[in-house]
1. Counting other Cβ atoms within 10 Å, which trypsin sites (Lys or Arg not before Pro) in the range 275-371 have at most 16 and lie in a DSSP loop?
2. Over all directions, average the projected area of the Cα convex hull of the chain and note it in nm².
3. Given a Förster radius of 35 Å and the C-beta distance between Leu192 and His29 as r, what FRET efficiency does 1/(1 + (r/R0)^6) yield to the nearest 0.05?
4. Please give, to one decimal in nm, the separation of the simple spin-label points placed at Lys147 and Glu159, each 7 Å out from Cα toward the Cβ.
5. Semi-axes of the range 375-480's equivalent ellipsoid from the Cα gyration tensor, sqrt of 5 times each eigenvalue, largest first, rounded to whole Å?
6. What nm distance separates the two modelled labels at Ser266 and Val521, each placed 7 Å from Cα along Cα→Cβ?
7. About its Cα centre, how strong a charge dipole does the range 297-368 have in debye, to the nearest 20, once Lys and Arg get +1 and Asp and Glu get -1 at the Cβ?
8. Roughly what would the spin-label model give for Asp69 and Glu419, points 7 Å off Cα along C-beta, in nm?
Amino acid sequence: MSTELTRNFSIIAHIDHGKTTLSDRLLEHTKTVSQREQQDQHLDAMDLERERGITIKSHPVTMEYTAKDGVTYQLNLLDTPGHVDFSYEVSRSLAACEGALLIVDAAQGVEAQTMANLHLAHEQDLAIIPVINKIDLPSCDLPKVNKQLEDIICIPAEEAIPASAKNGIGIEDILEAVVERVPAPVEDADGLLRASVFDSVYDNFRGVVSYVRVVSGSMKRGTRIKLFHTTKTYEIKEVGVFTPGMSKRDELKAGDVGYVIANMKSADEVKIGDTITDNTHPCPKPLDGFKEIQPMVFSGIYPVESSDFEALKLAMGKLQINDAAFTWQSESSVALGFGFRCGFLGLLHMEIIQERLRREFNMDIISTYPSVIYEVTKTNGEELLIDNPCMLPESQEVQEIREPIVRVYIMIPSDYIGEIMKLVMEKRGEMEHTETIDETRVMLTCTLPLSEILIDFNDKLKSMTRGYGSMDYEHAGYKPGKLVKMEILIASEPVDAFASIVHQDKAAPYGRQLCKKLKEVIPQQLFVVALQAAIGGKIIARESISAMRKNVTAKCYGGDISRKRKLLEKQKKGKAKMKAIGKVNIPQDAFIKVLKND
Ligand code: GTP
């Protein structure tokens, strides 16, 4: 079967350079959606995506385009997310393509992520079509961007297509370039079925829907398929393509990008990156798989009301079905009760999951301070992976702790180079090299511990450069560090929710900050309460809350007994919302305040 008339391509860009807007124009121009249906930003379907203006999941879509040569081509577009947390989705989409549109904002020019994405596209040997978007902007500087393309990314300026996704300029040129410059997919000569699964979603009515790219052979309703990883077999119930909604087809053949519904009950039966083949005539070996997705950031998520535990568990299960990168398992904490240890790709991913739990499932949750995953060698030679500070063995049992390192690309106006280098040093970073991009901008390459860029690095970079700085990162292995477990003791009792793994030099200021904050939120008790930060039994910071004789009935002079009773009742109720740490009662919201503001 011929794949000559098929083109699979992706759009890659720095965040906000206009991928989604451009995709929408392509859908309109090819009449895949009508103007009337067009409610802007078709591919960003999730509410949260629309609100935050970021693409989270990849959405493939099939378009038909009759080119200037009079032939109708089938163009499969795979949209990709722009945020660094989701770069694994970019690689997945790119693996299903032969070409990519590289969007560069005509006013902003090449950014850190343009480079990182281009690097990913080169790794997959894709044909690159540069598109300079937003040429309608008065601040557009075409000669500058052209020069950047030539100097930094080594793409001849004449290959670049000027466009305005907003005003529909250059859309036809882009479609023609896709037809001309993106190679048609090549099918294996044996014609045996090979389809790679690049995503899967769970649909309440139809079960598991797997997104696939058919590399060779074909499949249709009734075909008995086998998944290489699990070796399980299934009968296909339906195949189809996205236009952009699910649209049923008789058959998916080599080169096609679409979906398969088989009689799978749960999402974990299909592994992203697995190969589907025909059970009767299987291909000899699976296609090259994708990199396994590894969560990089961990945090505990607990229900505020312990009775919500089961509901929270159910909600997490539902979220995970469509998000293989999100992991969770039960854990319990003295301070917070029963909850879950969760793994995320990065901070944005974490925020999104938390927000979805709150919004879509109406859950009232507390989350603990985020942590990365540490490699620990014990003195007895045992190797451990630690994602929860509480699980770190006592310091005398630890020989070495290694922490994850990232290589960070930072693009900034040259004026800020001194300040940003200082920021990198403060965050325990090391400079690798500095590259001049043009007269006004430089690109810094440095390595930093992942834990140091987790919280506020990007925000600081943005505010220090008045929004002109941008960054991207890739994982760069593990490195030993002087890391210690810091515990917080309230009235001499360690509180597990506040334990953290920190660098030795940063422990004291961080400990002081936590003790101070706790002092603000814990109410006075009938005795003096000591708040301490400790490393292996050694106190490094302390605060204390002075004693108070609490007499709630003191206000009731005169002795109105019913009022007194009411107040006592109220106090009793209030106590129910307290967590007892040793003999200290701490209101639930004290934990929330301390954990949230950090
Ligand atoms: P992510 O999905 O978050 O990576 O963003 P994106 O690259 O998909 O960007 P998006 O399409 O959401 O566009 C970002 C902003 O740029 C939006 O406010 C668009 O309206 C605007 N925009 C997109 N294309 C153009 C254009 O050609 N001209 C102008 N002036 N604005 C544009």
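1. Numbers: sites: Lys291, Lys313, Lys318, Arg341, Arg356, Arg358, Arg359; in loops: Lys291.
Sparse-neighbourhood loop trypsin sites (Lys or Arg not before Pro): Lys291.
2. Working: hull surface 133.3 nm².
Approximately 33.3 nm², given one-decimal rounding.
3. Details: r = 36 Å, r/R0 = 1.04.
According to the calculation, E is roughly 0.45.
4. Taking the two extended label points, one gets 2.1 nm.
5. Values: eigenvalues 230, 33, 20 Å².
Equivalent ellipsoid of the range 375-480: 34, 13, 10 Å, largest first.
6. Here the modelled spin labels are 3.5 nm apart.
7. Numbers: 6 positive and 9 negative charges, 28 e Å.
Roughly 140 debye for the range 297-368.
8. Reported label-point gap for Asp69 and Glu419 is 5.3 nm.
Read-outs: derived from the displayed coordinates by stated rules, not from any lab. Everything numeric in this text was worked out from a predicted model, so none of it was measured. Cβ sites come from the backbone with ideal geometry, for glycine too, and all protein chains shown count toward neighbours.
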